[in-house]
């Protein structure tokens, strides 16, 4: 194989992740000079993107839909609060916090890695059981984990302030910081799905019995993806905590769970491109629907808004996508280098495949 062929093959392999990173970066750069409200919307979109990519790493590559991955988000967010709130301030907010936690203070990348690490350790313990299940059993088990983590957060006053709002978290996440982490997790997810472990897991997703017949240990492969997913979603919790600055346990319960699942399903559960596209599209539509729900005036037309309109519009959009494209916007495919498949088919079609002439035009001249 010539060096040119090697470079071409390497470019085709890297094109999906490079194109996804460029798309996300371009969105941020285009909106960089916008209003503060627009900047907040972009940051929220990037945080959602990190969460959906984390969900994809397990649910998308294994084919096991999880209703409990946002429990890792909660763990990452509360770990961030404990690690980043200044020590003096923690003495007032969390007076009963254990000493080894009360005296620690981290910031920036170390805090993010620590938050993801704590979530990954939790994933190790529950993954030993969850990854032996499949289908509906695994989905329900993860929903049970979500409920348990939510109730613990609501009642563990010494560590989480219970049902009261966790306040005092430094607000350091800007669109640039969120973009950096979004690009990092996109690359991590792509490298994982291209690795031998990721390929074996995706093979088990397509045909579990065939994968077992060639020696693939499905629980072991799922376990690795599950822990990596917990780490990425934990980083998403870090970004959320340092973007909002204050939160309650309800922020990590059913609403964010179903929003992230909707993003993955709309984009396409079987590809990283689907996860990224779904996060972007649903985030944009949610902001649009929220603005309509708040009411607007367009010339002589005035709309006062209606509560719940945003959720109804998003649900209707999900139904339309599922009806027209059951496999999502990307149909579970990655972005590829080259001409689209429909253009290739059209170029390859012989001239005789065109439409037949009308009956009058087909008559021979007199």
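The values are calculated or read from the model by the stated rules, or taken from the named source; none is laboratory data. Remember, predicted model here, so these are calculated numbers, not experimental data. For neighbour counting, all protein chains shown are included, and Cβ atoms are generated from backbone atoms with ideal geometry for every residue, glycine included.
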Of the residues in region 54-109, those that are more than 22 Å from residue 230 (Cα to Cα) and not in a helix (DSSP H, G or I) number 10
Inset, instruction - Return yes or no: is residue 74 in contact with a strand residue (DSSP E or B) (Cβ under 6 Å, 6 or more places away or on another chain) and at pLDDT 90 or above? - result: no
From the option list 144, 119, 123, single residue qualifying as over 20 Å from the mean Cα position of the chain (by Cα) and either within 22 Å of residue 255 (Cα to Cα) or surrounded by 16 or more Cβ atoms within 10 Å (Cβ to Cβ) (or both) is 144
Q.
For the structure I just gave you, tell me whether residue 120 is at pLDDT 95 or above, assigned to a helix (DSSP H, G or I) and at negative phi.
A. yes
With criteria (1) over 13 Å from the mean Cα position of the chain (by Cα); (2) under 19 Å from residue 42 (Cα atoms), residue 236 comes up short on (1)
Among residues of region 86-116 being in contact with a helix residue (DSSP H, G or I) (Cβ under 7 Å, 6 or more places away or on another chain) and at pLDDT 90 or above, the residue surrounded by the most Cβ atoms within 10 Å (Cβ to Cβ) is 115
TODO: Evaluate region 132-140: report whether one residue or more is closer than 18 Å to residue 248 by Cα and not in a helix (DSSP H, G or I).
DONE: no
Checking 216, 171, 159, 187 in turn, the sole residue that is over 25 Å from the mean Cα position of the chain (by Cα) and either under 30 Å from residue 91 (Cα atoms) or at pLDDT 90 or above (or both) turns out to be 159
Residues in region 160-179 that are under 15 Å from residue 42 (Cα atoms) and surrounded by fewer than 14 Cβ atoms within 10 Å (Cβ to Cβ) total 1
